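Engineer: Here it is, the structure, as structure tokens.
The values are calculated or read from the model by the stated rules, or taken from the named source; none is laboratory data. These numbers were taken from a predicted model, which means no experiment stands behind them. As a convention, Cβ positions derive from the backbone with ideal geometry for all residues, glycine included, and neighbour counts pool all protein chains shown.
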Protein chains: 2
Amino acid sequence: MEILKERILKEGKVFHGNVIKVDSFLNHQIDPVLIKEIGKEFCRRFGDRGVSKVLTIEASGIPVAVMTGLELNVPVVFAKKQKSANICENVFSSTIKSFTKGTASTVIVSKEYLSNKDRVLIVDDFLAEGQAVLGLADIIKQSGASLVGAGIVIEKGFQEGCKRLTSMGIHVESLAVIKSIDEGKISFDI
Amino acid sequence: MEILKERILKEGKVFHGNVIKVDSFLNHQIDPVLIKEIGKEFCRRFGDRGVSKVLTIEASGIPVAVMTGLELNVPVVFAKKQKSANICENVFSSTIKSFTKGTASTVIVSKEYLSNKDRVLIVDDFLAEGQAVLGLADIIKQSGASLVGAGIVIEKGFQEGCKRLTSMGIHVESLAVIKSIDEGKISFDI
């Protein structure tokens, strides 16, 4: 997706350990016009697959998921990162490791919002090692729903996520695939 | 806003301590079509005030803020609830108490995304005691930006938030104001 890659090149910041920050339009400040175009692109790629729900994880996945849900005209569910006083006990849960933060967290989805009749599209902002998508896929499996695929905004192609997910039969569509980050310079595969 | 109130009456769940859950369309599962209408309504109410940025807090405020930013054609910034390994030190911060959860948390906004040239609209899903808006207003003040007002989806009119914010000169627009919750029955002021 050219307009996305242009923004990554223009505004992306590279940090030690192959960390890329796109806080100016995706992860902290959000450009709603760009995110709407991303939603349209996911709709173009997954619109003929009978998606009944979009699933993501709070917080950075939410804008993209909401715009994708709007284009597909289906509800969006976001997995919550920790149990709050306000959520009932009746939940699916899974544990997700974060390589960036070096932590593990439990994510939950209420059993009310996923069922064995659903066809679920996972949407997320980044794909690196694939742990977030695996956690969401685990929740989808628990619910008995079908996993249609995973729509990723930015994939780190030099990490194992896409290979890992594809080997499990998960259809992955990434809008920008970063091939390498050499001396702070980002280059793309797709 | 009639379609919002109808959804609250139809799907809202009341719990002990005047807690209302609208997890089926706003806080866990999201109805993007309704949220888009909410964004349009905030645009109608604040569109002539020169808003340059929409500010909210992760996670539940994000969908509404993104749709409002789309309608106003301005960027959206979401305050993050805790310091992550991925955010720089160069931040504005404020502490927010949650009456629902009985906790206090620090929220941060990078100094890159708010400046004294900005005219900021705060958007949030709920207004109860007003602590979240006060925390965001504090961050706006630190940045030197102007606070245009606060757009609230659901106000608990029987709590002190609106009165507190209004007495500080903050213009509050709530799309649904709950007057009371008696024996699980919700009634509205507006």
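Engineer: Has segment A:87-98 got any residue that is within 9 Å of chain B (Cβ to nearest Cβ), surrounded by 24 or more Cβ atoms within 10 Å (Cβ to Cβ) and within 23 Å of B:ILE57 (Cβ to Cβ)?
Structural biologist: no
Engineer: From B:VAL19, B:VAL77, B:VAL51, which residue is under 23 Å from A:SER110 (Cβ atoms) and of a type in the set (Val, Ile, Thr)?
Structural biologist: None of the other options fit; the residue is B:VAL19.
Engineer: Would you confirm, using the coordinates I've provided, whether B:LEU70 is farther than 24 Å from B:ILE170 by Cα, aliphatic (A, V, I, L, M) and buried (at least 21 other Cβ atoms within 10 Å of the Cβ)?
Structural biologist: It is false that B:LEU70 is farther than 24 Å from B:ILE170 by Cα, aliphatic (A, V, I, L, M) and buried (at least 21 other Cβ atoms within 10 Å of the Cβ).
Engineer: Next up: Could you tell me whether A:ASP48 is out of contact with any strand residue (DSSP E or B) (no Cβ under 6 Å at 6 or more places or on another chain) and either in contact (Cβ under 8 Å) with a residue 12 or more places away in the chain or within 20 Å of B:GLU58 (Cα to Cα) (or both)?
Structural biologist: It is false that A:ASP48 is out of contact with any strand residue (DSSP E or B) (no Cβ under 6 Å at 6 or more places or on another chain) and either in contact (Cβ under 8 Å) with a residue 12 or more places away in the chain or within 20 Å of B:GLU58 (Cα to Cα) (or both).
The rows are residues; the columns are (1) under 13 Å from the mean Cα position of the chain (by Cα); (2) in a strand (DSSP E or B).
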| residue | (1), (2) |
| --- | --- |
| A:GLN142 | no, no |
| A:GLY149 | yes, yes |
| A:THR166 | no, no |
| A:GLU173 | yes, yes |
| A:VAL177 | no, yes |
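Results for (1) more than 8 Å from every other protein chain (Cβ to nearest Cβ); (2) touching a residue at least 60 places away in the same chain (Cβ under 8 Å), shown as yes or no for each residue.
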| site | (1), (2) |
| --- | --- |
| A:HIS28 | no, no |
| A:LEU34 | yes, no |
| A:PHE42 | yes, yes |
| A:ILE57 | yes, yes |
| A:LYS80 | no, no |
| A:ILE108 | yes, no |
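Engineer: Separate question: Checking the structure you have, find out if any residue of segment A:103-112 is of a type in the set (Asp, Glu), at pLDDT 95 or above and within 22 Å of A:SER180 (Cβ to Cβ).
Structural biologist: No: segment A:103-112 contains no residue that is of a type in the set (Asp, Glu), at pLDDT 95 or above and within 22 Å of A:SER180 (Cβ to Cβ).
Engineer: Of all residues in segment A:23-44, which are crowded, with 24+ Cβ neighbours inside 10 Å and assigned to a loop (DSSP other than H, G, I, E, B)?
Structural biologist: A:HIS28
Engineer: Same structure, new question: Is it the case that A:VAL133 is within 12 Å of another protein chain (Cβ to nearest Cβ) and surrounded by 23 or more Cβ atoms within 10 Å (Cβ to Cβ)?
Structural biologist: So A:VAL133 does not fit the description; no.
Engineer: Looking only at segment A:41-49, decide whether some residue is within 21 Å of A:ILE181 (Cβ to Cβ) and at pLDDT 95 or above.
Structural biologist: Within segment A:41-49, none of the residues are within 21 Å of A:ILE181 (Cβ to Cβ) and at pLDDT 95 or above.
Engineer: Moving on to the next point. β-branched (Val, Ile, Thr) and within 30 Å of B:VAL14 (Cβ to Cβ), is that true of B:VAL123?
Structural biologist: It is true that B:VAL123 is β-branched (Val, Ile, Thr) and within 30 Å of B:VAL14 (Cβ to Cβ).
Engineer: Then there is this: Could you list, in sequence order, all residues of segment A:158-185 that are within 16 Å of A:LYS21 (Cα to Cα) and surrounded by 20 or more Cβ atoms within 10 Å (Cβ to Cβ)?
Structural biologist: A:ALA176, A:ILE178
A quick yes/no check of all residues on (1) in contact with a Lys or Arg (Cβ under 9 Å, 6 or more places away or on another chain); (2) farther than 21 Å from B:VAL64 by Cα; (3) modelled with pLDDT of 95 or more:
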| residue | (1), (2), (3) |
| --- | --- |
| A:MET67 | yes, no, yes |
| A:PRO75 | yes, no, yes |
| A:LYS97 | no, yes, no |
| A:PHE126 | yes, yes, yes |
| A:LEU134 | yes, yes, yes |
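Engineer: For segment A:90-140, name all the residues that are small (Gly, Ala, Ser) and assigned to a strand (DSSP E or B).
Structural biologist: Within segment A:90-140, A:SER93, A:SER94, A:SER98, A:ALA104, A:SER105, A:SER110 qualify.
Engineer: Let me ask you something else. Report yes if some residue within segment B:50-64 is surrounded by fewer than 22 Cβ atoms within 10 Å (Cβ to Cβ), outside any strand (DSSP E or B), touching a Pro at 6+ places or on another chain (Cβ under 9 Å) and not aromatic (Phe, Trp, Tyr); otherwise report no.
Structural biologist: yes
Engineer: Shifting gears a bit: So B:GLY47 fits all but one of (1) surrounded by fewer than 24 Cβ atoms within 10 Å (Cβ to Cβ); (2) facing chain A (nearest Cβ under 7 Å); what number is the exception?
Structural biologist: Tallying (1) surrounded by fewer than 24 Cβ atoms within 10 Å (Cβ to Cβ); (2) facing chain A (nearest Cβ under 7 Å), B:GLY47 fails exactly one: (2).
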